[in-house]
Amino acid sequence: MVSFEVYATSPEIIKPSSPTPDHLRSFKLSALEQLVDGNVYSPVWNFYPSSKDDRHMSMSMEARLVTLKNSLSKTLTRFYPLAGRISSDSTTVDCNDEGALFRQAKVSCDMDDFLQQVSWEFELLDKLLPCQITSPESAEKVAQVAIQANIFACGGMALGVCLTYKLVDGTIGGAFIRAWAEIARTNEFHQEQVYGISSLFPPNEFSSARLADLLAVESPGDGEAKRNISIKRFVFDASSISSLKYKARSKNIPYPTRIEAICALFWKCLASTASTSVFINYVNLRSRLDPPLPTLTLGNIYWLAVAIDDQITNENGKRGENKKELPYFVPLLRKSFKRIDSDYLKNFQGEQGFERICKFHEDAKELYSKSGIAIETSALNMMGWYDADFGWGAPSWVTTAPICINEMLLIGTKSGDGIEALVMLDDNQVAILEHDPEFLAHTRPGQAVEPLERQLISNL
């Protein structure tokens with residue numbers, strides 16, 4: 001393996017290009033955001049190899065860094081709450097224009113060599129981030145956006161982006177990075193209205209103790225001896241997904257989605273040794289509310305679609321002979337998704353909504369703790385990650401990472417017809433997947449990342 005070092009400069013603060021108007025200085029958070037930890041980041045990595053295309057060679061690295069910082073400043077004006085700081089009671093963002101953290105770094109190896117090592121140790125990507133994923137500081141002191149521009153010896157660049165988990169979900173994360181890239185590439189800036197949902201889901205500033213208890217969720221087995229935990233990456237190409245969808249079909253659901261088919265496969269494999277299991281999907285609420293929310297509605301606007309399986313008996317109370325086949329799991333997933341419609345969500349809105357939201361999460365926490373295994377999944381495959389062209393070409397690879405045990409993130413591959421699954425598991429769970437013939441048959445063999453000169457992202 002090639003040894004390397006990452007030499008980072010001291011961070012600088014990038015402030016919005018225009019001051020936030022007085023009437024927008026306070027951005028009220030919703031009850032949904034209150035239930036999200038304020039000092040945890042979601043990481044995203046964008047890789048841009050050194051280009052042999054004349055169109056992209058005219059800009060020096062120094063000019064690219066200036067472009068990144070200037071366009072970031074304008075993007076923070078568009079997404080003005082992200083340049084502020086969260087209040088201590090987690091009910092508002094003080095839009096004080098304190099800005100984002102930005103730092104530069106030099107990596108002492110070529111990008112290809114670095115990514116070859118990532119093939120075996122995914123956690124090496126953390127070296128390209130500007131800060132820890134969990135900040136040791138309190139939420140009101142944490143910059144909501146932190147970025148590190150990593151320059152490799154070959155001339156390639158990787159952007160390590162940390163976005164506050166409290167106010168930025170996958171939809172807004174993708175929109176922010178795409179807007180930043182568009183401004184950098186075109187030098188055009190159009191101010192758009194940013195929205196919140198505090199009027200629909202009002203926060204409660206008097207429930208900090210209860211919220212702290214809800215945030216302290218333990219995974220099953222946390223009380224056991226410390227396990228060896230790692231992030232694993234699996235890629236499903238178009239043919240594998242097509243095969244999975246075919247195997248997962250049933251009379252009631254003849255056309256399962258690719259997300260349903262992939263989730264069913266993971267659920268079937270990882271829950272094979274558990275008598276009860278739970279599969280949780282994080283569902284974007286923007287299109288499910290009535291009326292639907294505008295595109296630039298900031299917040300962690302999701303709900304939990306909770307699917308439960310008791311593998312001892314089926315719905316009729318009898319032992320299910322085909323219970324562990326894919327067609328069994330898909331209806332459980334579909335039912336959990338369909339439940340979350342506008343009528344269902346009205347139960348959690350208004351002045352009584354906060355209590356009902358807390359009760360839902362308390363029940364979910366109890367269910368989670370009693371299950372043999374609980375898997376949490378976010379589908380990020382439709383967020384347009386590969387559209388982030390800053391003026392030197394589209395990224396050759398974009399990835400993210402789960403931050404909790406048994407969490408899985410699904411992100412589209414560059415081709416658009418595949419899906420990359422990133423999941424944090426312990427060694428026993430990894431062994432289950434690696435010895436399951438059906439799982440191995442549907443994941444592409446080989447190393448996780450091929451040299452980017454071939455622009456091919458493969459699989460563990």
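Every residue, every condition in (1) touching a strand residue (DSSP E or B) at 6+ places or on another chain (Cβ under 6 Å); (2) more than 23 Å from P402 (Cα to Cα), yes or no:
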residue	(1), (2)
P331	no, yes
K338	no, yes
G350	no, yes
I357	no, yes
D363	no, yes
E366	no, no
G372	yes, no
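Just give me the residues in segment 333-366 being in contact (Cβ under 8 Å) with a residue 60 or more places away in the chain and either buried (at least 19 other Cβ atoms within 10 Å of the Cβ) or within 16 Å of Y302 (Cβ to Cβ) (or both), in sequence order.
L333, L345, F348, Q349, G353, F354, I357, C358, H361, A364
Mind checking whether some residue in segment 65-72 is touching a Phe, Trp or Tyr at 6+ places or on another chain (Cβ under 7 Å), surrounded by 16 or more Cβ atoms within 10 Å (Cβ to Cβ), assigned to a strand (DSSP E or B) and at pLDDT 95 or above?
no
When you look at G372, is it more than 19 Å from F337 (Cβ to Cβ), in contact with a helix residue (DSSP H, G or I) (Cβ under 7 Å, 6 or more places away or on another chain), surrounded by fewer than 21 Cβ atoms within 10 Å (Cβ to Cβ) and at pLDDT below 95, yes or no? Before the answer, list the steps.
Numbers: more than 19 Å from F337 (Cβ to Cβ): yes; in contact with a helix residue (DSSP H, G or I) (Cβ under 7 Å, 6 or more places away or on another chain): no; surrounded by fewer than 21 Cβ atoms within 10 Å (Cβ to Cβ): yes; at pLDDT below 95: yes.
It is false that G372 is more than 19 Å from F337 (Cβ to Cβ), in contact with a helix residue (DSSP H, G or I) (Cβ under 7 Å, 6 or more places away or on another chain), surrounded by fewer than 21 Cβ atoms within 10 Å (Cβ to Cβ) and at pLDDT below 95.
Tell me, yes or no, whether segment 237-255 has at least one residue that is surrounded by 17 or more Cβ atoms within 10 Å (Cβ to Cβ) and either in contact with a strand residue (DSSP E or B) (Cβ under 6 Å, 6 or more places away or on another chain) or of a type in the set (D, E) (or both).
Looking for residues that are surrounded by 17 or more Cβ atoms within 10 Å (Cβ to Cβ) and either in contact with a strand residue (DSSP E or B) (Cβ under 6 Å, 6 or more places away or on another chain) or of a type in the set (D, E) (or both), one finds at least one in segment 237-255, hence yes.
Residue check, Y80 against (1) touching a Cys at 6+ places or on another chain (Cβ under 7 Å); (2) under 17 Å from W45 (Cα atoms), all met but one. Which one?
Here Y80 meets the rest and fails (2).
Could you give every pair whose Cβ atoms fall below 7 Å, whose first residue belongs to segment 230-259 and is assigned to a helix (DSSP H, G or I), and whose second residue is open to solvent by 70 Å² or more (accessible area, probe 1.4 Å), counting only separations of at least 6 or pairs across chains?
If the second residue must be open to solvent by 70 Å² or more (accessible area, probe 1.4 Å), the pairs left are A238/D417; R258/K245.
This table checks each residue for (1) more than 13 Å from the chain's Cα centre (by Cα); (2) surrounded by 22 or more Cβ atoms within 10 Å (Cβ to Cβ).
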position	(1), (2)
F390	yes, yes
G393	yes, no
T399	no, yes
I403	no, no
M408	no, yes
G412	no, no
D426	yes, no
A431	yes, no
H435	yes, no
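Among the residues of segment 295-310, is there at least one that is at pLDDT below 95, over 16 Å from T276 (Cα atoms) and open to solvent by 50 Å² or more (accessible area, probe 1.4 Å)?
yes
Are there strands (runs of 3 or more DSSP E) fully within segment 97-198 with at least 1 residues that are hydroxyl-bearing (S, T, Y) and buried (at least 23 other Cβ atoms within 10 Å of the Cβ)? List them.
Because the criterion is at least 1 residues that are hydroxyl-bearing (S, T, Y) and buried (at least 23 other Cβ atoms within 10 Å of the Cβ), the strands (runs of 3 or more DSSP E) in segment 97-198 that meet it are 157-164.
Residues in segment 267-284 that are in a helix (DSSP H, G or I) and within 18 Å of the chain's Cα centre (by Cα): how many?
Step one: list which residues in segment 267-284 are in a helix (DSSP H, G or I), which gives 267-270.
After this cut, where a residue has to be within 18 Å of the chain's Cα centre (by Cα) as well, the list is none.
Of the residues in that region, 0 qualify.
Yes/no matrix, rows are residues, columns are (1) charged (D, E, K, R); (2) part of a loop (DSSP other than H, G, I, E, B); (3) surrounded by 17 or more Cβ atoms within 10 Å (Cβ to Cβ):
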site	(1), (2), (3)
Y7	no, no, no
S10	no, yes, no
I13	no, no, no
S18	no, yes, no
F27	no, no, yes
L32	no, no, yes
V36	no, yes, yes
P43	no, no, yes
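What number of residues within segment 214-231 are open to solvent by 50 Å² or more (accessible area, probe 1.4 Å) and either at pLDDT 55 or above or not charged (D, E, K, R) (or both)?
Residues that pass the stated criteria total 8.
The values are calculated or read from the model by the stated rules, or taken from the named source; none is laboratory data. Just so we're clear, the structure is a prediction, and the values are computed from it rather than from any experiment. As a convention, Cβ positions derive from the backbone with ideal geometry for all residues, glycine included, and neighbour counts pool all protein chains shown. SASA here: full protein model, heavy atoms, side chains in, ligands and nucleic acids out. Shrake-Rupley method; radii C 1.70, N 1.55, O 1.52, S 1.80 Å.
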